[in-house]
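Let me begin by presenting the structure, written as structure tokens, before commenting on it.
Taken together, the values in this text are just the output of simple stated rules run on the coordinates, not laboratory data. Please read these numbers as outputs of a predicted model, since none were measured by experiment. For neighbour counting, all protein chains shown are included, and Cβ atoms are generated from backbone atoms with ideal geometry for every residue, glycine included.
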Amino acid sequence: ISACLVGSEMCIRDRNDAYEISKVVTTEYNIEGYPDNRFIKIVNDIKPEQVTLVPDAPDVVTSNRGWKKSDIDLDLSEVISSIKKNGSKVSLFVDPTISMVDLALECGADRIELYTGTYAEFFKKDK
């Protein structure tokens, strides 16, 4: 089960939903979001099996890109290390480039999720 805590609250209407869902999930629970203080508090409280870090600004309705080296203004290694101390695996939602796969490895991410929007646009053009 994945709960996406984007700023628009399109996926989850209320941050308390993440806590309520955690009480009933009997399979792997993944919480996705931008690693601001509010998000970090939620994942530290819940300790889900997986945490997926996305680069979404607070006004984004749904993820529209992956992490890029050029826009990383926080220490992802420190964030990932902190989350992993609670036993959660960490995934980075990245643009599909070798440099971002390498960065995810360097930062200590356990997994990656690839942003496929670019592929989808090419797919539509090739039809």
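When only Cα pairs under 8 Å and 6 or more residues apart are kept, what is the percent relative contact order across the chain?
Values: 208 pairs, mean separation 27.3, N = 127.
It comes to 21 percent, rounded to a whole number.
Going by amide H atoms built from the backbone, whose H comes under 5 Å of the H on E32, apart from near neighbours?
A3, C4, L5, T52
Excluding S22 itself, what net charge comes from residues whose Cβ is under 13 Å from its Cβ, given Lys and Arg +1 and Asp and Glu -1?
Summing Lys/Arg as +1 and Asp/Glu as -1 gives -2.
Can you compute the modelled spin-label distance between E49 and K68, with each label point 7 Å from Cα toward Cβ, in nm?
Here the answer is 3.4 nm between the modelled labels.
Given [x] -0.57, -0.86, -1.43; [y] -0.44, -0.68, -1.35; [z] -0.50, -0.75, -1.30, which label gives log10 I(q)/I(0) by the Debye sum over Cα atoms at q = 0.12, 0.15, 0.22 Å⁻¹ as computed from the coordinates?
Recomputing log10 I(q)/I(0) by the Debye sum over Cα atoms at q = 0.12, 0.15, 0.22 Å⁻¹ here picks out [y].
Of K23/K89; K69/K124; K41/K85; K41/K89; K23/K68; K69/K89, which sit over 25 Å apart, Cα to Cα?
Beyond 25 Å between Cα atoms: K69/K124; K23/K68.
Given a Förster distance of 25 angstrom, what is the FRET efficiency for I40 paired with R111, based on the Cβ-Cβ distance and rounded to 0.05?
On the way: r = 19 Å, r/R0 = 0.74.
It comes out at approximately 0.85.
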